[in-house]
Structure formats: structure tokens, C-alpha cells
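Here the structure is laid out as C-alpha cells; the discussion comes afterwards.
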Amino acid sequence: MSLLEPQIATISFAADLARHGERPALVAADGLVSYADLDRRVTELVHDLGPVRRLVAFEAVPKVESVAAYLAGLRAGHVVLPLAPGGGAAVDRLLEVYDPDVLITAGTDWAVGERRPASGHALHPELALLLSTSGSTAT
């Protein structure tokens, strides 16, 4: 690879969670979640997200699944966009403005909704996370 070829940003903290073993990673409503368990959840979701780099929006709720969605997106080299829980006008506006390729929603079960198989965006190789403000969404 030449120095002129773009390189996808690598997020090292999301890459190898399992190396921390059974140590606690998260405190959840139903108990502790170990790094090994978190790594398993992230790995499963990485598979569901696929190998093509895309813009992945996820509902940022205080649940283990939300943390796993965030880490899976980073681990797989996708660009992640956290969304406020519960939808509403602000989330609708973000979906309209950013038009994510994949949408992960919370509910009884988590759903990975592929909106297109490839990215509809020209994603900068160093871009990993989009955080919006009220000024960027006109809300």
C-alpha cells in the first residue's frame, strides 16, 4: 500500500475486548457484563453489519446492546451515529440529514435494518463517529 492510499481509522479499544477476560466491563440492570461477554456480543453484531464500510446509526439507550452496537460499528470500521432514544422530530431530522446505510433500533429485541447494501456516502477514511448538535440539525 502506498502512502497515498486512504487508510480506514482503527479504533484500538474496540478491537480486542476479550483480552480482559471475565473482568467486569459494564454494570447492567441484570448484573455485571464481563469483557468476554461484551466481546461476544460485539463480534456477533460485527458479523451482522457486514464487511462493507457504511454509516451505521444506532439508538443510544442505557443498555448493553447499545454499547455493543457502538463498539461493533467501530470495530468493523464503520462510521457510527448515535441517535437519541425514542425517536421524535430530532431523530427524524438526523435520519433525513445523514441518511444512514444501516439503522439499529432498540425494542424488545434489537433490530439491524439494512437500508442499502453499500454506502450511499463518500466516507472519509479517518471518520469514525458523527456527533450532532442542535446547530447541525436545525432543531
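The values are calculated or read from the model by the stated rules, or taken from the named source; none is laboratory data. Model, not experiment: these values are computed from the prediction. Please note: Cβ atoms are built from the backbone with ideal geometry, for glycine as well, and neighbour counts cover all protein chains shown. Surface areas here come from the heavy atoms of the whole protein model, side chains and all, with no ligands, DNA or RNA. Shrake-Rupley method; radii C 1.70, N 1.55, O 1.52, S 1.80 Å.
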_Candidate set: segment 88-133, residues that are part of a helix (DSSP H, G or I) and in contact (Cβ under 8 Å) with a residue 40 or more places away in the chain; chosen: the one surrounded by the most Cβ atoms within 10 Å (Cβ to Cβ)_ = 94
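A quick yes/no check of all residues on (1) among the polar types (S, T, N, Q); (2) in contact with an Asp or Glu (Cβ under 7 Å, 6 or more places away or on another chain); (3) modelled with pLDDT of 85 or more:
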| position | (1), (2), (3) |
| --- | --- |
| 80 | no, no, yes |
| 85 | no, yes, yes |
| 92 | no, no, yes |
| 95 | no, no, yes |
| 108 | yes, no, no |
| 111 | no, no, no |
| 133 | yes, no, no |
*Hey, can you tell me all the residues within segment 71-87 that are under 14 Å from the mean Cα position of the chain (by Cα) and either assigned to a strand (DSSP E or B) or without any contact (Cβ under 8 Å) to a residue 12 or more places away in the chain (or both)?*
79, 80, 81, 82, 83
*asked:* List pairs: first residue in segment 35-63 and closer than 16 Å to residue 22 by Cα, second residue among the basic types (Lys, Arg) and open to solvent by 30 Å² or more (accessible area, probe 1.4 Å) anywhere in the structure, Cβ distance under 7 angstrom, at least six positions apart or on different chains.
replied: 35/23; 42/75
*asked:* I'd like the full set of residues that are crowded, with 16+ Cβ neighbours inside 10 Å and on the phi > 0 side of the Ramachandran plot, limited to segment 28-86.
replied: 50, 77
*Taking segment 99-121, which residues are of a type outside the set (D, E, K, R) and touching a strand residue (DSSP E or B) at 6+ places or on another chain (Cβ under 6 Å)?*
100, 102, 103, 104, 105, 106, 111, 112, 113, 121
*Out of the residues in segment 1-27 that are modelled with pLDDT under 90 and assigned to a helix (DSSP H, G or I), which is most open to solvent (accessible area, probe 1.4 Å)?*
13
